[in-house]
Amino acid sequence: MSYTRSSLLKKPKQNELPRDISQIYNIAGFDVTKRENLISLDGTNCLYIAGNSIVTYNMLTKKRSYVFGLDGEGIGCFCMHPSNSLIAIGEQGLKPNIYICEYPSFDIKHVCKEGTERGYSSMDFSADGEKLSSVGQSPDFLLTVWDYKNERTLLHTKAFGQDVFKVAFSKDNDGRLTTSGTGHIRFWQMAATFTGLKLQGEIGKFGKLDLSDVDAFVELPDSKVVSGSETGYLLLWEGNFVKCRFVTSSKSPEIMFDGSVSPRSQGTVFGDTPAHVGGVFVIIHDRENNQIISAGADGKIKWWSFTAIDLAEVDSDISMDFPLKLKKELLVGEGVCVKTMTKKGDTGNWLIEDSNGGVFDVNEAADPPQISKKWDFHAGSIVGVDSSAVDHYAVTAGADGRVKLWDYINKKVIMTAENKVGCSTVTAVPKNVDEEGRTWAVGFEDGVVRCFYRGDGEELQLRQVTVSVSK
């Protein structure tokens, strides 16, 4: 099967301008708050979602290419086929589609329809590449398993009653899936019944532990699952129950030669320090090096022994906590929140998506580790933009409090001003006030107006602060 984009493109809405009357020049930045919004297939190219487009960025030439969505209201999520020869694009809109495209041509090969009402939040191919799973956004939160090659639904059910952040197939049994999101994690099995194949899901029971949002998880080869939590703990699930909660301590459990924990360490409580400070957003099973990698809101990447996690046992009558020895850790940067990690092909480096507004290149194998910030963006929504009437410069203001000056001809940020309060609007000062067109007035959520001036230095200069005083 194959399709032409023109045949699938939805007609413009009333008063909407046709898409072919202009050509894109540049898309600056991307949504760093979106989960799993960064894929690196080699040491050169990476892909990410920016609004209604998939952007391919060449890190050597610094050139971008764009593939635009077809359903008109943005792209919800994407994922790569295990062979890296196909990419699935889940869109947003009224009854949006999933488009299965060849990579890197982005020629559309298959279209999966009627999997959700308003948009897709997460997708995953099975390990053998034969099936695709998807979960929908509000209001339906539908979980669908697709025979995408024949463009048909295999299984279809409601995943949960609130936001579902992630769906993933087991890497060892494509009959198992896991979903997680707001206040839950759920374990699914494709089971043969008298009426045919069904999806049977068991909701995770937190037991003695506090209910938690779950952003990240990974299934182990023996079907146990390691998940994160919003409080920074790593949890080990067996069946649909928490088997133990991992804690860190200067006093680590004694590990025997076969990888098991010495009986002398069982039942001993070493404290309740979590793996991370804040939410855990990344968990990866590095099978090649037999380790688990976690990362989160504290900006730290941590490496743990897979064997110690897999063989963890506790006496739940005494404590749910199992002390876990840290192999190594790496701080990406102060104020960094690691949202996504993707391996740069065979280079050994990682690309890190920072939800506080950036992308980092990390070589953790170097001595010392090498960390460089590649891009610096707004974290969250851009609330205002205005251009100079004199030069090829524009200023953007973000809800994160950052004010950025752009050279839009050369496609780069020239200066940035950091503020503790979020911005609400921005406007260029009129030419009759500033003939050089170097001043912008920025409104802030606390009612303050600050005027910034583009001087000859490296930072925007704060020239004036106006505070409204009510009588």
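Here, each number is a calculation from the coordinates, and none is a lab measurement. Every value quoted in this text rests on a predicted model; they were computed, and no experiment measured them. Note that we place each Cβ from the backbone using ideal geometry, even for glycine, and neighbour counts take in every protein chain shown.
Given Lys373/Lys420; Lys62/Lys412; Lys344/Lys374, which pairs have Cα atoms separated by over 19 Å? Checking Cα-Cα distances, Lys373/Lys420 exceed 19 Å.
Can you give me the Cα centroid spacing of segment 1-76 and segment 123-190 in angstrom? Distance between centres, Cα-based: 24 Å.
Ellipticity at 222 nm from helices only: DSSP H runs of n ≥ 4 in the chain, each -39500 (n - 2.57), divided by the residue count, give -500 deg cm²/dmol. By the count of other C-beta atoms within 10 Å, a proxy for reagent exposure, Ile49, Ile27, Ile89, Ile284 are ordered fewest to most as Ile27, Ile284, Ile49, Ile89.
Over the chain, what is the mean sequence separation of C-alpha contacts under 8 Å (at least six apart), divided by residue count, expressed as relative contact order in percent?
Relative contact order for the chain comes out at 8 percent.
Here, segment 1-83 yields an orientationally averaged convex hull projection of 7.3 nm² when only Cα atoms define the hull. With both residues required to sit in the chain, DSSP beta bridges show an antiparallel share near 95%.
Taking a straight line from the alpha carbon of Lys109, these aspartates and glutamates sit under 20 Å away, with near neighbours fewer than eight places off in the same chain left out: Asp71, Glu91, Asp124, Asp128, Glu130, Asp147, Glu151.
Looking at segment 3-103, the GluC sites (Glu not before Pro) that sit in a DSSP loop and have at most 11 other Cβ atoms within 10 Å of their own Cβ are Glu16.
With neighbours defined as other Cβ atoms within 10 Å of a residue's Cβ, the residues Arg186, Arg287, Arg245 order from fewest to most as Arg287, Arg186, Arg245. Could you pull out the pairs from Lys149/Lys205; Lys302/Lys343; Lys10/Lys158 whose alpha carbons sit more than 24 Å apart here? From the list (Lys149/Lys205; Lys302/Lys343; Lys10/Lys158), the Cα-Cα distance tops 24 Å for Lys149/Lys205; Lys10/Lys158. Taken about its Cα centre, the chain carries a charge dipole of roughly 760 debye when the Cβ of each Lys and Arg holds +1 and the Cβ of each Asp and Glu holds -1.
So if R0 is 45 Å, what FRET efficiency would Lys373 and Asp147 give, r being the distance between their Cβ atoms, rounded to the nearest 0.05?
Approximately 0.60, to the nearest 0.05.
Within segment 168-235, the chymotrypsin sites (Phe, Trp or Tyr not before Pro) that combine a DSSP coil assignment with at most 15 other C-beta atoms in a 10 angstrom radius are Phe194.
So which trypsin sites (Lys or Arg not before Pro) in segment 362-402 end up in coil per DSSP with only 13 or fewer other C-beta atoms within 10 Å?
Here no trypsin sites (Lys or Arg not before Pro) fit, given the DSSP loop and packing criteria.
Using the Karplus relation 6.51 cos²θ - 1.76 cosθ + 1.60 with θ = phi - 60°, the per-residue 3J(HN,Hα) values for segment 439-453 come to 10, 10, 9, 10, x, 10, 5, 8, x, 9, 10, 10, 9, 10, 10 Hz, with x marking Gly and Pro. The residue list Ile39, Pro274, Ser316 was ranked by how far each Cα lies along the charge dipole of the chain toward its positive end, using unit charges on Cβ atoms, and Ile39 comes out on top.
Within straight-line reach of Lys208, meaning a Cα separation under 23 Å, sit the following lysines at least 8 residues removed in sequence or on another chain: Lys224, Lys243. At full extension, Ser316 and Tyr408 could sit 27.2 nm farther apart than now, given 0.36 nm per residue minus the alpha carbon distance.
For Ala389 and Tyr453, the FRET efficiency from 1/(1 + (r/R0)^6), where r spans their Cβ atoms and R0 equals 25 Å, is about 0.95. Taking other C-beta atoms within 10 Å as the exposure proxy, His156, His378, His184, His285 rank His156, His285, His184, His378 from fewest upward.
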